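Notes follow the structure.
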Amino acid sequence: MFKRIFHRKNRGQGKVTTQGTSERGSHVREASSLNEEPPAEETSSIIPASSFKPLGQEPPADRTSPIKSASPLEPLNQEPPAEQTSPIKPASPLGGEFKYESFKENLGTFRLVTVQPSTNPSASIECTITHDQITGANYNALSYTWGDPNQKGTITLNGSPFSVSKNLFVALEHLRDKKEPLTLWIDAICINQADVDERTQQVKQMIDIYKNATQVLIWMGEEIENFEAAIDLMNWVKSVMSSGLWVTDNLVDFAGSPYRMEAWKALVELLKRPWWSRVWIIQEAVFGNDPVVICGRHRFEWELLQLLGESRDTWNKITWSLLQQEKPFYTGEFVHTSDRLNFITALRASHPIGPESLRALLYGVRTSEATDPRDKVFAMIGLLKNDINLCEVDYRKSIGQVYAEAAAGFLRLTGSPHFLSWTHSTTDWNGYMNRPNGIPSWAPSWIACKNDLMELQLFDDSMSLKDRESFSKEIAQAAAGSTMKTTFHIDVSNRAFFINRKPSPNWSTLFTSSDSPLPKTSTPRKSIYSATQDSRHAITFNAERGCLSVLGFAIDVLEDASPTSTFSFPVDGPASNWIRSTLNAKLGLPTSDWSDSDDAESGDNSEIAIQLHPIFWRTILADQWQGVRLGKDVTFAIPGVGSIPPSSIEELFKLRKAVASLENQVAFRWRKIFITKNTIGLAPPVAQAGDVIFGILGCDVPYLLRKCDRGYNFLGECYVHGFMDGQAMKGGYFEPVIVDLV
C-alpha cells in the first residue's frame with residue numbers, strides 16, 4: 001500500500017560613455033567590454049570568402065561585400081552625392097526624449113531602424129525608426145551581444161538621443177555605409193524593452209523576423225590579430241571538402257604544421273568571442289537567412305564556419321592520432337572551443353526539434369547566458385516543432401514559474417525525469433535552500449555554476465560503449481604517460497588543453513529531424529547505472545503549489561559527511577582528516593588524526609591503506625572512468641596507467657596523475673563523501689546528517705532529499721556504493737511512498 005507524505009550605460013551624441021543603469025530586455029545579451037575607441041579614420045576592407053586564392057597567395061585588390069542591402073548599393077568608398085534625403089518617414093516627432101509609438105496591429109508588425117550614411121567615421125550615428133510588416137519588408141537583421149550594461153553609447157533616433165550598449169554602438173560604426181542608408185532590425189532598438197506585453201508579442205515572432213530578413217549580419221566584435229590567416233584556413237577547408245580529398249590522412253600534416261599555428265589561434269579567438277555564449281544567437285544563426293560574419297574589417301560567409309563545424313569530429317580524431325604518436329599539433333584547443341559551433345551546425349541541419357531531441361537541446365543551451373533568466377527557456381521554444389508546447393512565452397510569469405513549467409513540460413513531452421540530474425549544477429554552494437527567484441528545488445535553474453559537478457546520470461549517448469571504453473583508456477594514457485614531455489614545448493599548452501578536457505558531445509548524432517510522434521511511453525534508458533532497474537516513473541506536477549510529487553523509496557539515511565572535496569585529491573584536500581579518521585574506521589582500516597600529528601609530511605599507514613582500498617576508489621570515482629563502469633571485477637585495468645584500485649605505490653602515483661588531468665570530470669570534485677549505517681557514497685556539497693537517500697522510480701541514480709515543512713527539498717544526485725544496480729529493489733522488501741518535492 002502506497003503512503004503519501006504532504007508537507008510545497010561626453011562627447012554629446014555619438015560619444016561612448018559609462019553609466020550605471022542596466023538594460024532591460026527580453027533577450028538582453030552581454031559581452032566583454034570593448035575598451036578601444038573607434039579609429040579616427042577607417043575604410044571598409046571587406047573580404048568575401050570567394051575572393052581568396054589558394055593558401056600562401058595574396059588576396060585580390062578589388063573586394064566587394066557579401067552583405068546584401070535592403071536597397072541597391074553603389075560600390076563602397078565612393079563619395080556620396082552632394083545632396084541626399086531620407087525617404088523614411090519618422091515614427092515619432094523630432095526633438096526631446098525618444099518615445100515609442102505603440103503598434104496599431106500586433107500580429108506581423110515590427111519596427112525597423114535605418115542607419116543614415118556618413119563619410120566621417122567620428123560623426124554621430126543618425127538613425128530613424130519606422131513601423132512595417134514583417135512579410136514584404138526589405139531589411140537585414142543584426143545578431144550581436146549587448147555587452148556590459150554599464151558601458152553605453154548615444155545615437156540619434158528620430159532626432160532624439162537614444163542610449164545603446166557600447167558593443168552595439170561600435171557595431172553600428174563599422175556597419176554604417178558612406179553613401180547608402182542601411183535598414184536593420186535590432187532587438188534593443190526595435191522592441192520597447194520597457195513594455196512587457198510588447199516584449200512577449202515580439203519575441204514570439206523573432207524567428208519570422210530572422211527568416212524574412214534579406215540577410216543576417218553577425219557582429220563578432222573588433223579585429224582579431226592574424227585573422228587573414230584564419231580566413232585563409234577556412235577557405236582551404238572549403239576547397240578540400242568540395243574537391244573530395246577530405247580524408248584523415250591528407251589532414252594530419254596540416255594539423256601539425258607550425259605554419260598554420262597562427263591561423264588556428266585566430267580561429268580559437270573567434271570562437272571565444274562573447275557572441276557564442278548568448279542564448280538568443282542560437283535561433284538567430286539557425287534561422288538566419290544567408291548569414292555573414294563580421295569581425296572588425298573582415299567579413300565572410302557563415303558557410304565557412306559551418307564547414308568547420310561539420311568537420312570537427314575529423315579534427316578531433318586527427319588530434320588524438322598526433323597525440324598518441326607524440327607529434328606536435330595545433331588543433332587541440334580548436335576542437336574544444338568549437339562545441340557551440342558544432343551545436344549550431346547540427347541544429348541548422350536538424351530543426352525543428354521534436355521530443356526525441358528535446359533533451360539534447362536543453363542540455364546544449366543550459367550553459368548559455370542571458371540577462372533575463374527566463375530567456376534561457378524562451379529562446380528554445382522557437383526551435384521546437386509547432387506541436388511541441390514546452391511552455392508559453394510570457395514575461396508576466398516569474399522566473400520560478402517559467403523554470404518549473406519548462407521542467408514539467410520536458411517530463412510530459414519526453415516521458416523522462418532526467419532533468420532531475422541537472423539541478424545539482426545550478427545553484428551556488430551557499431545552500432540549495434536559498435535558490436534564487438523562487439525556483440523550486442527540483443527544477444533546473446539553467447544558470448551555469450562556477451564549480452560544476454560531474455553529472456552521474458549519463459547524458460551523451462552519441463558515443464558507443466566500445467568507443468567510450470577506448471577513449472577512456474586513451475585519455476588516461478595521454479595524461480599519465482609520456483605524451484606531456486616538454487620536448488613539445490611549442491604546443492605544450494595546447495596539448496594540455498586537449499588532454500584535460502572531456503570531448504563535447506557529437507551534436508549531429510544527438511539531434512534527429514525525424515517526425516516521430518510524441519512518445520506515449522518512456523523510451524529505453526541508456527545509463528551505466530540502474531538504481532531503480534527498469535521501473536517507470538510515476539511523477540505528477542502541481543502547478544498551483546509548484547511541487548513535484550514522485551513515487552519512490554528510501555534507501556538509507558546519512559549518518560555523517562566529509563567537508564566538500566575540491567580540486568585536490570580527497571586525501572590531500574579539505575576532507576583529508578575526515579577520511580583518515582571517520583572513513584577509515586568505517587572500512588576497518590588504520591585511523592589517524594593529522595591535525596595533531598607530526599607525520600603529515602611523511603604519510604602514515606592510514607593514508608596508504610585508504611588509497612589502496614577498492615571501495616574507496618570505486619566511491620570517489622562513482623564506480624566509473626570517463627563514462628565506463630569499472631565492472632564487477634575487483635580491479636579495472638587502464639593500459640599505461642595501471643589498475644583501479646592501484647596494486648602498488650608506483651601505480652598509485654600514475655593513477656592519481658591521470659585523475660588530476662580530468663579536472664571536473666571526476667565524481668568526487670565538489671561533492672562530499674558520506675557514511676550511512678550500511679554503506680558509503682558521494683553526495684551534493686550541502687549534504688548533512690539526517691538527509692535521506694531516495695530512489696525515484698524511473699531514475700537511474702538515487703537522489704538526496706531533506707525534510708522541510710511543505711515536503712522535501714531536492715538536493716541532487718548521489719552515488720551509493722552497492723546500491724547503484726537496483727539492489728534496494730530486489731527481494732520486494734522496499735516500501736514505495738509518494739513524496740512532494742518543493
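Details
- Residue list for the range 292-328, filter: touching a strand residue (DSSP E or B) at 6+ places or on another chain (Cβ under 9 Å) and open to solvent by 10 Å² or more (accessible area, probe 1.4 Å): R299, E301
- In the range 210-230, the residues that are in a loop (DSSP other than H, G, I, E, B) reach residues that are open to solvent by 10 Å² or more (accessible area, probe 1.4 Å) and among the hydroxyl-bearing types (S, T, Y) with C-beta atoms within less than 8 angstrom, at least six apart or across chains, in these pairs: T214/S69.
- Close pairs (7 angstrom Cβ cut-off, 6 or more residues apart or separate chains): of a type in the set (S, T, N, Q) in the range 704-728, in a strand (DSSP E or B) anywhere: N713/L705; N713/R706
- Hey, V393 open to solvent by 10 Å² or more (accessible area, probe 1.4 Å), modelled with pLDDT of 90 or more and among the β-branched types (V, I, T) or not: yes
- Flag for L705 being open to solvent by less than 30 Å² (accessible area, probe 1.4 Å), out of contact with any strand residue (DSSP E or B) (no Cβ under 6 Å at 6 or more places or on another chain) and not basic (K, R): no
- Flag for Q193 being open to solvent by less than 20 Å² (accessible area, probe 1.4 Å) and modelled with pLDDT under 95: yes
For every residue, the table says whether it meets (1) hydroxyl-bearing (S, T, Y); (2) in contact with an Asp or Glu (Cβ under 9 Å, 6 or more places away or on another chain); (3) modelled with pLDDT of 85 or more.
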| residue | (1), (2), (3) |
| --- | --- |
| L347 | no, no, yes |
| P355 | no, no, no |
| T367 | yes, yes, no |
| P373 | no, no, yes |
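- Hits in the range 140-168 (condition: aromatic (F, W, Y) and surrounded by fewer than 24 Cβ atoms within 10 Å (Cβ to Cβ)): F162
- Failed criterion for M206 (all others in (1) hydrophobic (A, V, I, L, M, F, W, C); (2) open to solvent by 10 Å² or more (accessible area, probe 1.4 Å); (3) within 25 Å of P352 (Cα to Cα) hold): (2)
- The sole residue among R669, R656 that is modelled with pLDDT under 90, surrounded by 23 or more Cβ atoms within 10 Å (Cβ to Cβ) and not hydrophobic (A, V, I, L, M, F, W, C) is R669.
- Flag: P161 matches the condition of being in a strand (DSSP E or B), more than 18 Å from Q215 (Cα to Cα) and modelled with pLDDT of 50 or more.
The values are calculated or read from the model by the stated rules, or taken from the named source; none is laboratory data. Everything numeric here is computed off the predicted structure, so don't read it as measured data. As a convention, Cβ positions derive from the backbone with ideal geometry for all residues, glycine included, and neighbour counts pool all protein chains shown. Ligands, DNA and RNA are stripped out before the accessible areas are found, and what is left, the full protein with its side chains, is counted by its heavy atoms. Shrake-Rupley method; radii C 1.70, N 1.55, O 1.52, S 1.80 Å.
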